[in-house]
Every structure is written in C-alpha cells, then in structure tokens.
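The values are calculated or read from the model by the stated rules, or taken from the named source; none is laboratory data. None of these values were measured; they are calculated from a predicted model. Don't worry about glycine lacking a Cβ; one is built from the backbone with ideal geometry, like all the others, and counts go over all protein chains shown.
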Amino acid sequence: MSVLDAASAARLRAAHPLLQKLFEAVAARTPIIILESQRGRAAQEEAFRKGNSKAHFGDSAHNWSPSVALDVAPRPLDWGDRKAFIALSVIVFEEARRLKIPIRWGGDWNGNGVLTDEKLSDLPHYELKPWRDFAKRDCVLFGEAPKPPPAAVETRYPVLRRGSKGTDVIELQRQLQAAGIDPGAVDGDYGDKTFAAIRELQRRRGLERDGVAGPKTRAALADLL
Ligand SMILES: [Zn+2]
C-alpha cells in the first residue's frame with residue numbers, strides 16, 4: 001500500500017469523483033505522483049504558447065472543476081523512463097476496467113494498443129472518456145463559481161399538504177409569515193389557513209393553485225425570503 005504525498009493528494013481531490021476513485025485504487029497498488037489536475041486560464045494559454053498543449057482554455061479536460069483529466073507519473077519521477085509510464089498505464093487500465101470507469105490515455109489516444117501512431121504522446125495524461133460529456137454534466141470551467149448542488153430545494157424540503165403535521169410544517173408556516181402571508185397559528189398543523197396561505201402564494205407566483213407545498217412552491221417561497 002503506497003501513500004500519496006500531500007501535494008498529489010490535494011491535486012487528486014480537485015479531480016472528478018470517478019478519477020479520484022480510480023487513482024486511489026491505483027495508488028494502493030503502486031507509488032505514483034499526481035502532477036496536475038486543474039489548469040486555469042492563464043496556465044492553459046501559457047501551455048498553448050509553449051506548445052505543450054494544443055488547446056485553448058476550455059478545450060482541455062484540465063480546465064474544468066472538478067478536473068476531468070489528471071497527469072500522473074510513476075514515483076520516483078524519471079521522465080526518461082518511458083517503460084515505467086507504460087507499466088503504470090497497464091495498472092490504470094486494469095483498475096479502470098475493474099471499477100467500470102471509462103478512460104482515455106495520452107500515450108494511446110485512439111486506444112488501439114499501438115503506442116507509436118500518436119501525433120502527440122502524452123504519457124502522464126489520463127482523462128474520462130468522453131471528457132466533454134462528463135464536463136458538461138458535472139463540472140464548471142475552472143475559476144467560475146461552482147454549480148449549486150442539483151435540486152437543492154427539492155431535497156431540502158419534503159412535500160407538505162393539508163393534514164401534514166410536525167416541525168416541517170412549523171418551518172413552512174414561519175416562512176409564510178416571514179413572506180407576509182398569514183398561515184394562521186404557527187402550530188405545525190397544515191390546516192385550512194395554511195392551505196389558503198399556500199394557495200395565495202401560488203396565486204401571486206403564477207403557480208398551479210393546488211394548495212400543496214411541493215418543490216416549485218417551496219422554491220417560490222424561498223425566493224420571497
Ligand atoms: Zn494532461
């Protein structure tokens with residue numbers, strides 16, 4: 001069992017959860033260093049100018065947060081030891097198959113098993129395949145504000161309706177009060193007055209007036225607070 005150095009571990013944490021899972025499994029089998037995960041706008045453009053990358057910012061799998069690519073080398077690092085990089089790739093692909101994580105390697109971009117037909121061999125580079133799909137679904141451009149967690153409102157609140165009781169109803173009634181819509185007594189009992197208050201909220205916000213406090217209604221209420 002090998003252990004990642006602190007800088008490598010920090011870079012790994014900036015990668016997509018699937019890459020984290022994969023390279024934790026790889027690191028448990030063989031010593032590695034994580035050279036790079038996320039690359040910001042300035043660094044990407046500099047890599048382009050120097051010819052180290054053919055991509056402008058946004059067109060590299062390294063430009064996303066979390067990163068959908070990682071550059072990984074065998075430890076100790078020896079750039080001249082091509083065989084060590086290739087041996088590492090064998091372990092990475094074994095673990096990727098076992099964990100069912102689709103990846104592409106910069107030493108064999110087209111995945112044909114032939115390492116001499118690559119225009120630009122990039123032996124440390126691994127990315128999720130196809131990375132644009134993962135980036136689009138799970139990531140934002142590095143340096144931009146993170147996406148809010150999906151369906152935050154939906155998962156935060158249970159659906160409440162006439163007859164619902166308890167602390168969730170108390171919270172709903174307090175929010176209605178705070179929004180200036182009278183729910184009646186704040187008693188944790190979703191009765192006629194709370195029902196009418198929810199209908200009033202739905203009327204004001206152009207929602208279906210069913211009197212049920214579901215996700216859209218809760219989001220509309222949260223907007224008023
Ligand atoms: Zn790379």
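Of note:
- Positions within the range 160-192 being closer than 18 Å to Asp223 by Cβ and part of a loop (DSSP other than H, G, I, E, B), in sequence order: Ala179, Gly180, Ile181, Pro183
- Scanning the range 29-44 for residues that are at pLDDT 95 or above and part of a helix (DSSP H, G or I) turns up just one, Arg29.
- Within the range 118-141, residues that are under 18 Å from Arg13 (Cβ atoms) have Cβ atoms under 6 Å from residues that are basic (Lys, Arg) in these pairs: Glu127/Arg104; Val140/Lys147, counting only partners at least 6 apart in sequence or on another chain.
- Output for the range 193-221, where each listed residue is of a type in the set (Gly, Ala, Ser), outside any loop (DSSP other than H, G, I, E, B) and under 35 Å from the mean Cα position of the chain (by Cα): Ala213, Ala219, Ala220
- Test: Ala42 is within 13 Å of the ligand (Cβ to nearest atom) and either in contact (Cβ under 8 Å) with a residue 60 or more places away in the chain or loosely packed, with under 12 Cβ neighbours inside 10 Å (or both): no
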